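This report refers to the structure that appears directly beneath it.
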There are 2 protein chains.
Amino acid sequence: MEKSWYNISIIGAGKLAWHLAQALTDAEIKINQVYSRSEASATKLVQRINQGSATIEKDFSFSSSNIFFIALPDDVVPTVLNEFHFPESALLMHTSGTLPISVLESVGKQIGVFYPLQTFSFGKNVDFKKIPICLETSDENCLKQASFLAGLLSNEVHLISSEKRKSLHLAAVFACNFSNRLFALSEDILKKEEIPFHLLSNLVNETVVKAFEIGPEKSQTGPAIRNDIKTIEAHTQLLNGDSEKLEIYKLLTNSIRGIK
Amino acid sequence: MEKSWYNISIIGAGKLAWHLAQALTDAEIKINQVYSRSEASATKLVQRINQGSATIEKDFSFSSSNIFFIALPDDVVPTVLNEFHFPESALLMHTSGTLPISVLESVGKQIGVFYPLQTFSFGKNVDFKKIPICLETSDENCLKQASFLAGLLSNEVHLISSEKRKSLHLAAVFACNFSNRLFALSEDILKKEEIPFHLLSNLVNETVVKAFEIGPEKSQTGPAIRNDIKTIEAHTQLLNGDSEKLEIYKLLTNSIRGIK
(Lines give C-alpha, C1' and ligand atoms only; values in the text may rest on other atoms or scores of the structure.)
Protein backbone atom coordinates (compact mmCIF):
# COMPACT_ATOMS: atom_id res chain seq x y z
CA MET A 1 0.00 0.00 0.00
CA GLU A 2 1.01 3.59 -0.48
CA LYS A 3 -0.29 6.75 1.13
CA SER A 4 -0.98 8.32 -2.27
CA TRP A 5 -3.34 5.46 -3.19
CA TYR A 6 -6.00 6.66 -0.75
CA ASN A 7 -8.84 8.86 -1.89
CA ILE A 8 -11.31 9.37 0.89
CA SER A 9 -14.95 10.33 1.28
CA ILE A 10 -16.39 11.18 4.67
CA ILE A 11 -20.11 10.83 5.24
CA GLY A 12 -21.04 12.81 8.31
CA ALA A 13 -19.65 16.05 9.73
CA GLY A 14 -19.98 15.55 13.47
CA LYS A 15 -17.25 15.49 16.11
CA LEU A 16 -15.74 12.20 14.99
CA ALA A 17 -15.75 13.19 11.29
CA TRP A 18 -14.12 16.48 12.23
CA HIS A 19 -11.23 14.86 14.14
CA LEU A 20 -10.83 12.10 11.56
CA ALA A 21 -10.61 14.70 8.79
CA GLN A 22 -7.99 16.57 10.78
CA ALA A 23 -5.94 13.40 11.32
CA LEU A 24 -6.16 12.50 7.61
CA THR A 25 -5.13 16.03 6.64
CA ASP A 26 -2.20 15.96 9.09
CA ALA A 27 -1.10 12.64 7.55
CA GLU A 28 -1.37 14.21 4.06
CA ILE A 29 -4.02 11.74 2.91
CA LYS A 30 -6.39 13.04 0.25
CA ILE A 31 -9.97 13.75 1.26
CA ASN A 32 -12.04 13.84 -1.91
CA GLN A 33 -15.63 14.36 -0.79
CA VAL A 34 -17.76 15.18 2.21
CA TYR A 35 -21.45 14.64 2.86
CA SER A 36 -23.55 15.85 5.76
CA ARG A 37 -27.30 16.03 6.29
CA SER A 38 -26.56 19.62 7.30
CA GLU A 39 -25.23 21.71 4.41
CA ALA A 40 -23.70 24.17 6.86
CA SER A 41 -21.72 21.46 8.70
CA ALA A 42 -20.51 20.01 5.39
CA THR A 43 -19.33 23.45 4.26
CA LYS A 44 -17.46 24.05 7.50
CA LEU A 45 -15.74 20.69 7.31
CA VAL A 46 -14.74 21.15 3.66
CA GLN A 47 -13.28 24.57 4.44
CA ARG A 48 -11.08 23.00 7.07
CA ILE A 49 -9.76 20.18 4.90
CA ASN A 50 -6.88 20.64 2.46
CA GLN A 51 -7.66 24.33 2.13
CA GLY A 52 -11.04 23.47 0.66
CA SER A 53 -10.05 21.07 -2.12
CA ALA A 54 -12.68 18.50 -1.07
CA THR A 55 -16.19 18.87 -2.45
CA ILE A 56 -19.63 18.44 -0.93
CA GLU A 57 -21.54 15.58 -2.57
CA LYS A 58 -24.95 13.98 -2.42
CA ASP A 59 -24.40 11.30 -5.00
CA PHE A 60 -21.48 8.88 -4.77
CA SER A 61 -22.43 6.54 -7.65
CA PHE A 62 -19.59 7.82 -9.84
CA SER A 63 -17.20 8.79 -7.05
CA SER A 64 -13.48 8.19 -7.54
CA SER A 65 -13.02 7.60 -3.80
CA ASN A 66 -11.75 4.17 -2.75
CA ILE A 67 -12.48 4.55 0.99
CA PHE A 68 -15.78 5.78 2.44
CA PHE A 69 -15.99 6.60 6.12
CA ILE A 70 -19.52 6.53 7.48
CA ALA A 71 -19.29 8.71 10.58
CA LEU A 72 -22.95 9.16 11.48
CA PRO A 73 -24.95 8.71 14.68
CA ASP A 74 -25.83 5.02 15.12
CA ASP A 75 -29.55 5.44 14.63
CA VAL A 76 -29.33 7.35 11.34
CA VAL A 77 -26.76 5.06 9.67
CA PRO A 78 -29.31 2.66 8.05
CA THR A 79 -31.62 5.46 6.81
CA VAL A 80 -28.86 7.62 5.37
CA LEU A 81 -27.14 4.66 3.72
CA ASN A 82 -30.36 3.72 1.95
CA GLU A 83 -30.12 6.98 0.00
CA PHE A 84 -26.73 6.19 -1.49
CA HIS A 85 -25.09 4.00 -4.08
CA PHE A 86 -21.36 3.45 -3.79
CA PRO A 87 -18.79 2.38 -6.39
CA GLU A 88 -18.45 -1.40 -6.21
CA SER A 89 -14.68 -1.41 -5.75
CA ALA A 90 -14.69 0.97 -2.76
CA LEU A 91 -14.25 -0.03 0.88
CA LEU A 92 -17.06 1.27 3.13
CA MET A 93 -16.32 1.57 6.85
CA HIS A 94 -18.47 2.85 9.68
CA THR A 95 -16.91 4.33 12.82
CA SER A 96 -19.36 3.17 15.49
CA GLY A 97 -18.51 1.36 18.69
CA THR A 98 -21.83 -0.42 18.86
CA LEU A 99 -23.08 -1.16 15.33
CA PRO A 100 -22.05 -4.55 13.91
CA ILE A 101 -20.21 -4.71 10.58
CA SER A 102 -23.34 -6.34 9.11
CA VAL A 103 -25.29 -3.04 8.95
CA LEU A 104 -23.21 -2.27 5.86
CA GLU A 105 -23.97 -5.53 4.03
CA SER A 106 -26.88 -4.03 2.09
CA VAL A 107 -24.77 -1.21 0.61
CA GLY A 108 -21.50 -2.87 -0.30
CA LYS A 109 -19.40 -6.01 -0.55
CA GLN A 110 -16.15 -4.55 0.72
CA ILE A 111 -17.06 -3.37 4.17
CA GLY A 112 -15.44 -2.70 7.52
CA VAL A 113 -15.45 -0.98 10.89
CA PHE A 114 -12.93 1.71 11.78
CA TYR A 115 -13.66 2.58 15.39
CA PRO A 116 -11.39 5.12 17.10
CA LEU A 117 -11.71 4.43 20.83
CA GLN A 118 -11.88 8.00 22.05
CA THR A 119 -14.34 10.66 23.17
CA PHE A 120 -14.24 13.66 20.84
CA SER A 121 -15.26 17.27 21.39
CA PHE A 122 -15.36 20.20 19.01
CA GLY A 123 -12.60 22.68 19.64
CA LYS A 124 -10.40 20.30 21.65
CA ASN A 125 -7.48 18.77 19.80
CA VAL A 126 -6.54 15.18 20.47
CA ASP A 127 -3.37 13.31 19.63
CA PHE A 128 -4.80 10.85 17.10
CA LYS A 129 -1.52 8.89 17.13
CA LYS A 130 -2.37 7.70 20.67
CA ILE A 131 -5.96 6.66 19.95
CA PRO A 132 -6.48 2.91 19.62
CA ILE A 133 -8.17 2.15 16.29
CA CYS A 134 -10.36 -0.97 16.38
CA LEU A 135 -10.60 -2.57 12.95
CA GLU A 136 -12.83 -5.21 11.42
CA THR A 137 -13.21 -5.98 7.72
CA SER A 138 -15.13 -8.32 5.43
CA ASP A 139 -11.98 -9.82 3.89
CA GLU A 140 -8.19 -9.86 3.82
CA ASN A 141 -7.83 -7.33 1.03
CA CYS A 142 -10.02 -4.81 2.87
CA LEU A 143 -8.00 -5.46 6.02
CA LYS A 144 -4.80 -4.58 4.17
CA GLN A 145 -6.31 -1.29 2.96
CA ALA A 146 -7.81 -0.43 6.34
CA SER A 147 -4.86 -1.38 8.52
CA PHE A 148 -2.28 0.48 6.44
CA LEU A 149 -4.47 3.58 6.63
CA ALA A 150 -5.05 3.13 10.37
CA GLY A 151 -1.29 2.79 10.87
CA LEU A 152 -0.76 6.15 9.17
CA LEU A 153 -3.12 7.81 11.65
CA SER A 154 -2.42 5.98 14.92
CA ASN A 155 0.31 4.00 16.65
CA GLU A 156 -2.22 1.58 18.12
CA VAL A 157 -4.23 -0.56 15.71
CA HIS A 158 -6.24 -3.57 16.93
CA LEU A 159 -8.34 -6.18 15.17
CA ILE A 160 -11.60 -6.44 17.10
CA SER A 161 -14.63 -8.39 15.93
CA SER A 162 -18.17 -6.96 16.14
CA GLU A 163 -18.86 -9.34 19.01
CA LYS A 164 -15.82 -8.21 20.98
CA ARG A 165 -16.45 -4.56 20.13
CA LYS A 166 -19.78 -4.77 21.95
CA SER A 167 -18.00 -5.76 25.15
CA LEU A 168 -15.30 -3.15 24.59
CA HIS A 169 -17.96 -0.46 24.29
CA LEU A 170 -19.72 -1.69 27.42
CA ALA A 171 -16.39 -1.72 29.30
CA ALA A 172 -15.77 1.87 28.16
CA VAL A 173 -19.18 2.89 29.53
CA PHE A 174 -18.19 1.52 32.95
CA ALA A 175 -14.68 2.96 32.95
CA CYS A 176 -15.47 6.36 31.42
CA ASN A 177 -19.15 7.37 31.34
CA PHE A 178 -19.93 5.93 34.77
CA SER A 179 -16.71 7.19 36.38
CA ASN A 180 -17.52 10.60 35.03
CA ARG A 181 -20.94 10.40 36.69
CA LEU A 182 -19.17 9.64 39.98
CA PHE A 183 -17.00 12.72 39.43
CA ALA A 184 -20.20 14.76 39.04
CA LEU A 185 -21.68 13.33 42.25
CA SER A 186 -18.37 14.01 43.99
CA GLU A 187 -18.40 17.62 42.78
CA ASP A 188 -21.95 17.92 44.02
CA ILE A 189 -20.92 16.82 47.54
CA LEU A 190 -18.09 19.37 47.51
CA LYS A 191 -20.26 22.23 46.23
CA LYS A 192 -22.40 22.07 49.35
CA GLU A 193 -19.26 22.77 51.39
CA GLU A 194 -17.93 25.33 48.89
CA ILE A 195 -14.85 23.21 48.20
CA PRO A 196 -13.63 23.35 44.56
CA PHE A 197 -13.70 20.01 42.70
CA HIS A 198 -10.21 20.85 41.45
CA LEU A 199 -8.87 19.84 44.90
CA LEU A 200 -9.39 16.20 43.89
CA SER A 201 -7.59 16.38 40.54
CA ASN A 202 -4.26 15.08 41.82
CA LEU A 203 -5.91 12.23 43.68
CA VAL A 204 -8.06 11.20 40.70
CA ASN A 205 -5.06 11.29 38.38
CA GLU A 206 -3.02 9.15 40.77
CA THR A 207 -5.93 6.69 41.01
CA VAL A 208 -5.94 6.32 37.22
CA VAL A 209 -2.16 5.96 36.98
CA LYS A 210 -2.20 3.21 39.62
CA ALA A 211 -5.15 1.39 38.04
CA PHE A 212 -3.26 1.08 34.75
CA GLU A 213 0.11 0.37 36.38
CA ILE A 214 -0.81 -2.39 38.81
CA GLY A 215 -4.40 -3.18 37.76
CA PRO A 216 -7.58 -1.76 39.34
CA GLU A 217 -8.35 -4.77 41.50
CA LYS A 218 -4.98 -4.62 43.26
CA SER A 219 -4.96 -0.83 43.46
CA GLN A 220 -8.32 -0.59 45.24
CA THR A 221 -8.15 1.61 48.36
CA GLY A 222 -10.66 3.26 50.70
CA PRO A 223 -12.93 2.33 53.60
CA ALA A 224 -14.78 -0.47 51.76
CA ILE A 225 -11.69 -2.57 50.97
CA ARG A 226 -10.31 -1.92 54.49
CA ASN A 227 -13.66 -3.06 55.89
CA ASP A 228 -13.69 0.18 57.89
CA ILE A 229 -17.28 -0.06 59.12
CA LYS A 230 -17.03 3.06 61.27
CA THR A 231 -16.16 5.28 58.30
CA ILE A 232 -18.76 3.60 56.08
CA GLU A 233 -21.40 4.31 58.73
CA ALA A 234 -20.26 7.93 59.06
CA HIS A 235 -20.51 8.32 55.26
CA THR A 236 -24.00 6.82 55.02
CA GLN A 237 -25.00 9.13 57.88
CA LEU A 238 -23.63 12.10 55.92
CA LEU A 239 -25.61 11.03 52.82
CA ASN A 240 -28.83 10.63 54.77
CA GLY A 241 -31.65 12.26 52.80
CA ASP A 242 -29.83 12.03 49.45
CA SER A 243 -31.29 8.73 48.27
CA GLU A 244 -29.54 8.71 44.87
CA LYS A 245 -26.01 9.07 46.27
CA LEU A 246 -26.82 6.80 49.21
CA GLU A 247 -27.96 3.98 46.94
CA ILE A 248 -24.86 4.31 44.75
CA TYR A 249 -22.64 4.48 47.84
CA LYS A 250 -24.10 1.28 49.27
CA LEU A 251 -24.03 -0.63 45.99
CA LEU A 252 -20.40 0.22 45.14
CA THR A 253 -19.25 -0.28 48.72
CA ASN A 254 -20.77 -3.77 48.72
CA SER A 255 -19.27 -4.45 45.32
CA ILE A 256 -15.79 -3.58 46.67
CA ARG A 257 -16.29 -5.58 49.86
CA GLY A 258 -17.28 -8.54 47.72
CA ILE A 259 -13.74 -8.72 46.26
CA LYS A 260 -12.36 -10.37 49.39
CA MET B 1 8.87 31.16 60.87
CA GLU B 2 12.07 29.57 59.68
CA LYS B 3 12.74 26.15 58.30
CA SER B 4 15.46 25.53 60.92
CA TRP B 5 12.94 26.05 63.75
CA TYR B 6 11.21 22.77 63.03
CA ASN B 7 12.09 19.63 64.92
CA ILE B 8 9.75 16.82 64.00
CA SER B 9 8.55 13.55 65.51
CA ILE B 10 6.57 11.07 63.45
CA ILE B 11 4.31 8.59 65.20
CA GLY B 12 3.53 5.80 62.79
CA ALA B 13 5.61 4.20 60.04
CA GLY B 14 2.99 3.30 57.44
CA LYS B 15 2.68 4.52 53.86
CA LEU B 16 1.73 8.07 54.76
CA ALA B 17 4.49 8.40 57.39
CA TRP B 18 6.96 7.06 54.83
CA HIS B 19 6.08 9.63 52.15
CA LEU B 20 5.80 12.45 54.68
CA ALA B 21 9.27 11.61 56.03
CA GLN B 22 10.61 11.63 52.48
CA ALA B 23 9.05 15.03 51.75
CA LEU B 24 10.43 16.48 55.02
CA THR B 25 13.87 15.07 54.23
CA ASP B 26 13.75 16.49 50.70
CA ALA B 27 12.83 19.89 52.15
CA GLU B 28 15.76 19.59 54.62
CA ILE B 29 13.52 19.72 57.68
CA LYS B 30 14.87 17.93 60.74
CA ILE B 31 13.16 14.71 61.77
CA ASN B 32 14.10 14.06 65.37
CA GLN B 33 12.20 10.94 66.39
CA VAL B 34 10.10 8.12 65.05
CA TYR B 35 7.70 5.75 66.78
CA SER B 36 5.94 2.71 65.38
CA ARG B 37 4.06 -0.14 67.02
CA SER B 38 6.29 -2.32 64.86
CA GLU B 39 9.98 -2.04 65.80
CA ALA B 40 10.99 -3.28 62.34
CA SER B 41 8.97 -0.58 60.55
CA ALA B 42 10.39 2.10 62.82
CA THR B 43 13.94 0.92 62.12
CA LYS B 44 13.36 0.94 58.37
CA LEU B 45 11.92 4.44 58.46
CA VAL B 46 14.75 5.81 60.61
CA GLN B 47 17.30 4.31 58.24
CA ARG B 48 15.73 6.15 55.38
CA ILE B 49 15.60 9.55 57.09
CA ASN B 50 18.60 11.88 57.21
CA GLN B 51 20.98 8.94 56.88
CA GLY B 52 19.69 7.58 60.19
CA SER B 53 20.10 10.63 62.44
CA ALA B 54 16.54 10.26 63.83
CA THR B 55 16.00 7.96 66.81
CA ILE B 56 13.29 5.46 67.69
CA GLU B 57 11.37 6.52 70.79
CA LYS B 58 8.61 5.20 73.04
CA ASP B 59 8.49 8.10 75.49
CA PHE B 60 8.01 11.66 74.28
CA SER B 61 7.59 13.36 77.70
CA PHE B 62 11.01 15.04 77.47
CA SER B 63 11.18 15.28 73.67
CA SER B 64 12.74 18.39 72.13
CA SER B 65 10.41 18.10 69.11
CA ASN B 66 8.02 20.99 68.50
CA ILE B 67 5.84 19.24 65.89
CA PHE B 68 4.37 15.74 66.30
CA PHE B 69 2.76 14.03 63.32
CA ILE B 70 0.36 11.29 64.29
CA ALA B 71 0.21 9.15 61.14
CA LEU B 72 -1.63 6.08 62.40
CA PRO B 73 -4.67 4.14 61.15
CA ASP B 74 -7.85 5.90 62.33
CA ASP B 75 -8.96 3.16 64.69
CA VAL B 76 -5.69 2.93 66.62
CA VAL B 77 -5.17 6.69 67.07
CA PRO B 78 -7.06 6.96 70.41
CA THR B 79 -5.47 3.83 71.93
CA VAL B 80 -1.90 4.67 70.93
CA LEU B 81 -2.25 8.29 72.04
CA ASN B 82 -3.36 7.16 75.47
CA GLU B 83 0.09 5.67 75.97
CA PHE B 84 1.95 8.96 75.43
CA HIS B 85 2.63 12.26 77.11
CA PHE B 86 3.76 15.11 74.93
CA PRO B 87 5.64 18.31 75.79
CA GLU B 88 3.08 21.05 76.48
CA SER B 89 4.54 23.53 74.01
CA ALA B 90 4.48 21.12 71.03
CA LEU B 91 1.93 21.10 68.22
CA LEU B 92 0.30 17.69 67.70
CA MET B 93 -1.26 17.00 64.32
CA HIS B 94 -2.95 13.90 62.97
CA THR B 95 -2.99 13.14 59.26
CA SER B 96 -6.41 11.50 58.87
CA GLY B 97 -9.10 12.44 56.38
CA THR B 98 -11.91 11.29 58.61
CA LEU B 99 -11.00 11.88 62.28
CA PRO B 100 -12.07 15.24 63.71
CA ILE B 101 -9.48 17.52 65.31
CA SER B 102 -11.17 16.86 68.66
CA VAL B 103 -9.68 13.34 69.01
CA LEU B 104 -6.46 15.09 70.02
CA GLU B 105 -8.01 17.24 72.76
CA SER B 106 -7.21 14.73 75.49
CA VAL B 107 -3.47 14.70 74.70
CA GLY B 108 -2.61 18.32 74.00
CA LYS B 109 -3.70 21.94 73.86
CA GLN B 110 -1.95 22.87 70.64
CA ILE B 111 -3.49 20.53 68.15
CA GLY B 112 -4.19 20.29 64.46
CA VAL B 113 -4.92 18.24 61.37
CA PHE B 114 -2.42 17.94 58.52
CA TYR B 115 -4.20 15.85 55.88
CA PRO B 116 -2.39 15.26 52.57
CA LEU B 117 -5.13 14.50 50.03
CA GLN B 118 -3.42 11.65 48.22
CA THR B 119 -3.32 7.87 48.03
CA PHE B 120 0.12 6.54 48.96
CA SER B 121 1.83 3.27 48.14
CA PHE B 122 5.16 1.89 49.25
CA GLY B 123 7.75 1.95 46.52
CA LYS B 124 5.96 4.53 44.37
CA ASN B 125 7.26 8.08 44.56
CA VAL B 126 4.83 10.95 44.49
CA ASP B 127 5.44 14.63 43.86
CA PHE B 128 4.54 15.97 47.31
CA LYS B 129 4.64 19.55 45.95
CA LYS B 130 1.45 18.81 44.02
CA ILE B 131 -0.48 17.21 46.88
CA PRO B 132 -3.14 19.45 48.45
CA ILE B 133 -2.54 19.70 52.20
CA CYS B 134 -5.74 20.26 54.20
CA LEU B 135 -5.01 22.08 57.45
CA GLU B 136 -6.96 22.73 60.61
CA THR B 137 -5.56 23.98 63.92
CA SER B 138 -6.76 24.84 67.42
CA ASP B 139 -5.50 28.45 67.26
CA GLU B 140 -3.79 31.11 65.16
CA ASN B 141 -0.30 30.40 66.46
CA CYS B 142 -0.58 26.71 65.57
CA LEU B 143 -1.90 27.69 62.17
CA LYS B 144 1.18 29.81 61.56
CA GLN B 145 3.46 26.89 62.45
CA ALA B 146 1.48 24.35 60.45
CA SER B 147 0.90 26.45 57.33
CA PHE B 148 4.53 27.55 56.99
CA LEU B 149 5.58 23.91 57.26
CA ALA B 150 2.88 22.79 54.78
CA GLY B 151 4.06 25.49 52.37
CA LEU B 152 7.59 24.07 52.49
CA LEU B 153 6.27 20.66 51.43
CA SER B 154 3.47 21.48 48.98
CA ASN B 155 2.35 24.23 46.62
CA GLU B 156 -1.29 23.71 47.57
CA VAL B 157 -2.32 24.39 51.16
CA HIS B 158 -5.98 24.69 52.14
CA LEU B 159 -7.73 25.46 55.41
CA ILE B 160 -10.47 22.87 55.82
CA SER B 161 -12.54 22.41 58.99
CA SER B 162 -13.26 18.94 60.43
CA GLU B 163 -16.83 19.27 59.24
CA LYS B 164 -15.81 20.08 55.67
CA ARG B 165 -13.08 17.45 55.70
CA LYS B 166 -15.75 14.78 56.25
CA SER B 167 -17.45 15.80 52.99
CA LEU B 168 -14.10 16.07 51.21
CA HIS B 169 -13.27 12.52 52.22
CA LEU B 170 -16.68 11.28 51.11
CA ALA B 171 -16.27 13.09 47.77
CA ALA B 172 -12.86 11.43 47.34
CA VAL B 173 -14.46 8.01 47.92
CA PHE B 174 -16.90 8.69 45.07
CA ALA B 175 -14.31 10.15 42.69
CA CYS B 176 -11.46 7.74 43.41
CA ASN B 177 -12.37 4.53 45.29
CA PHE B 178 -15.66 4.04 43.44
CA SER B 179 -14.24 5.00 40.03
CA ASN B 180 -11.47 2.50 40.62
CA ARG B 181 -14.09 -0.16 41.31
CA LEU B 182 -15.69 0.68 37.95
CA PHE B 183 -12.27 0.27 36.33
CA ALA B 184 -12.07 -3.21 37.88
CA LEU B 185 -15.55 -4.14 36.59
CA SER B 186 -14.56 -2.78 33.19
CA GLU B 187 -11.38 -4.88 33.18
CA ASP B 188 -13.48 -7.88 34.12
CA ILE B 189 -15.78 -7.38 31.10
CA LEU B 190 -12.71 -7.11 28.83
CA LYS B 191 -10.99 -10.18 30.30
CA LYS B 192 -13.83 -12.40 29.11
CA GLU B 193 -13.07 -11.24 25.55
CA GLU B 194 -9.30 -11.35 26.06
CA ILE B 195 -9.00 -7.63 25.43
CA PRO B 196 -6.30 -5.90 27.53
CA PHE B 197 -7.59 -3.20 29.92
CA HIS B 198 -4.74 -1.01 28.71
CA LEU B 199 -6.78 -0.33 25.54
CA LEU B 200 -8.97 2.01 27.60
CA SER B 201 -6.14 4.04 29.14
CA ASN B 202 -6.26 6.86 26.61
CA LEU B 203 -10.03 7.13 26.87
CA VAL B 204 -10.02 7.13 30.68
CA ASN B 205 -7.30 9.78 30.78
CA GLU B 206 -9.21 11.97 28.33
CA THR B 207 -12.36 11.55 30.45
CA VAL B 208 -10.48 12.80 33.53
CA VAL B 209 -8.89 15.72 31.65
CA LYS B 210 -12.30 16.82 30.38
CA ALA B 211 -14.00 16.43 33.76
CA PHE B 212 -11.51 18.84 35.34
CA GLU B 213 -11.40 21.20 32.35
CA ILE B 214 -15.10 21.74 31.72
CA GLY B 215 -16.65 20.08 34.78
CA PRO B 216 -18.00 16.52 34.97
CA GLU B 217 -21.65 17.42 34.54
CA LYS B 218 -21.02 19.16 31.22
CA SER B 219 -18.50 16.58 30.03
CA GLN B 220 -20.86 13.60 30.47
CA THR B 221 -21.00 11.42 27.35
CA GLY B 222 -22.32 7.95 26.51
CA PRO B 223 -25.63 6.21 25.79
CA ALA B 224 -27.36 7.32 29.02
CA ILE B 225 -26.97 11.07 28.45
CA ARG B 226 -27.89 10.63 24.75
CA ASN B 227 -30.97 8.71 25.85
CA ASP B 228 -29.87 5.98 23.45
CA ILE B 229 -32.37 3.33 24.58
CA LYS B 230 -31.28 0.84 21.93
CA THR B 231 -27.68 0.74 23.15
CA ILE B 232 -28.77 0.67 26.80
CA GLU B 233 -30.96 -2.34 26.02
CA ALA B 234 -28.14 -4.08 24.16
CA HIS B 235 -25.83 -3.49 27.15
CA THR B 236 -28.29 -4.82 29.72
CA GLN B 237 -28.76 -7.83 27.44
CA LEU B 238 -24.99 -8.36 27.38
CA LEU B 239 -24.86 -8.17 31.19
CA ASN B 240 -27.67 -10.66 31.60
CA GLY B 241 -26.70 -13.17 34.29
CA ASP B 242 -24.15 -10.85 35.96
CA SER B 243 -26.42 -9.35 38.59
CA GLU B 244 -23.75 -7.19 40.25
CA LYS B 245 -22.71 -5.38 37.06
CA LEU B 246 -26.29 -5.21 35.84
CA GLU B 247 -27.48 -3.50 39.02
CA ILE B 248 -24.62 -0.98 38.89
CA TYR B 249 -25.25 -0.40 35.17
CA LYS B 250 -28.92 0.35 35.75
CA LEU B 251 -28.37 2.57 38.79
CA LEU B 252 -25.67 4.73 37.17
CA THR B 253 -27.52 4.90 33.85
CA ASN B 254 -30.61 6.18 35.65
CA SER B 255 -28.48 8.59 37.64
CA ILE B 256 -27.08 10.07 34.40
CA ARG B 257 -30.50 10.18 32.72
CA GLY B 258 -31.80 12.07 35.75
CA ILE B 259 -29.50 15.03 34.93
CA LYS B 260 -31.77 16.22 32.17
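The values are calculated or read from the model by the stated rules, or taken from the named source; none is laboratory data. Model, not experiment: these values are computed from the prediction. No Cβ is skipped: glycine too gets one built from the backbone with ideal geometry, and neighbour counts run over all protein chains shown.
One table, with the values for the structure above:
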read-out: Residues satisfying the stated conditions in segment A:236-246, i.e. surrounded by fewer than 18 Cβ atoms within 10 Å (Cβ to Cβ) and within 29 Å of the chain's Cα centre (by Cα); value: A:Glu244
read-out: Boolean, A:Phe174 is at the interface with chain B (Cβ under 10 Å from one of its Cβ atoms), out of contact with any strand residue (DSSP E or B) (no Cβ under 9 Å at 6 or more places or on another chain) and modelled with pLDDT of 95 or more; value: yes
read-out: Residues of segment A:196-216 that turn out to be closer than 16 Å to A:Asn180 by Cα and either of a type in the set (Phe, Trp, Tyr) or in contact (Cβ under 8 Å) with a residue 60 or more places away in the chain (or both), as a count; value: 1
read-out: Entirely in segment A:53-146, the strands (runs of 3 or more DSSP E) that have 1 or more residues that are under 27 Å from B:Thr236 (Cβ atoms), touching a strand residue (DSSP E or B) at 6+ places or on another chain (Cβ under 8 Å) and within 14 Å of chain B (Cβ to nearest Cβ); value: A:111-116, A:133-137
read-out: In segment B:19-38, the residues that are under 12 Å from B:Asp127 (Cα atoms) and either buried (at least 22 other Cβ atoms within 10 Å of the Cβ) or out of contact with any Lys or Arg (no Cβ under 8 Å at 6 or more places or on another chain) (or both); value: B:His19, B:Leu20, B:Ala23, B:Asp26
read-out: Matching residues, segment B:93-111, being under 18 Å from B:Ser161 (Cβ atoms) and of a type outside the set (Gly, Ala, Ser); value: B:Met93, B:His94, B:Thr95, B:Thr98, B:Leu99, B:Pro100, B:Ile101, B:Val103, B:Leu104, B:Glu105, B:Gln110, B:Ile111
read-out: Criterion violated by B:Lys164 - all others in (1) under 17 Å from the mean Cα position of the chain (by Cα); (2) within 7 Å of chain A (Cβ to nearest Cβ); (3) in contact (Cβ under 8 Å) with a residue 24 or more places away in the chain satisfied; value: (3)
read-out: Test: residue in segment A:1-8 that is at pLDDT 95 or above, surrounded by fewer than 19 Cβ atoms within 10 Å (Cβ to Cβ), of a type in the set (Phe, Trp, Tyr) and within 27 Å of A:Leu117 (Cβ to Cβ); value: yes
read-out: Of the criteria (1) part of a loop (DSSP other than H, G, I, E, B); (2) within 28 Å of A:Lys124 (Cβ to Cβ); (3) not assigned by TED's automatic domain parsing to the domain that holds B:Val113, which one B:Glu194 fails; value: (2)
read-out: Boolean, A:Ile49 is modelled with pLDDT under 90 and either over 20 Å from A:Leu81 (Cβ atoms) or not in a helix (DSSP H, G or I) (or both); value: yes
read-out: Residue selected from segment B:236-257 under the condition at pLDDT 95 or above and under 19 Å from A:Arg165 (Cα atoms), by the criterion nearest to the other protein chains (Cβ to nearest Cβ); value: B:Leu238
read-out: Of all residues making up segment B:214-235, the number that are of a type outside the set (Gly, Ala, Ser), surrounded by 21 or more Cβ atoms within 10 Å (Cβ to Cβ) and either in a helix (DSSP H, G or I) or more than 7 Å from every other protein chain (Cβ to nearest Cβ) (or both); value: 3
read-out: Any hit, segment B:186-202, residues being of a type in the set (Gly, Ala, Ser), within 26 Å of A:Lys130 (Cβ to Cβ), touching a Ser or Thr at 6+ places or on another chain (Cβ under 7 Å) and facing another protein chain (nearest Cβ under 7 Å); value: no
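Each row is one residue, and each column tells you yes or no for (1) among the aliphatic types (A, V, I, L, M); (2) in contact with a Lys or Arg (Cβ under 8 Å, 6 or more places away or on another chain); (3) closer than 20 Å to B:Glu213 by Cα.
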position	(1), (2), (3)
A:Phe174	no, yes, no
A:Arg181	no, no, yes
A:Val204	yes, no, yes
A:Val208	yes, no, yes
A:Pro223	no, no, no
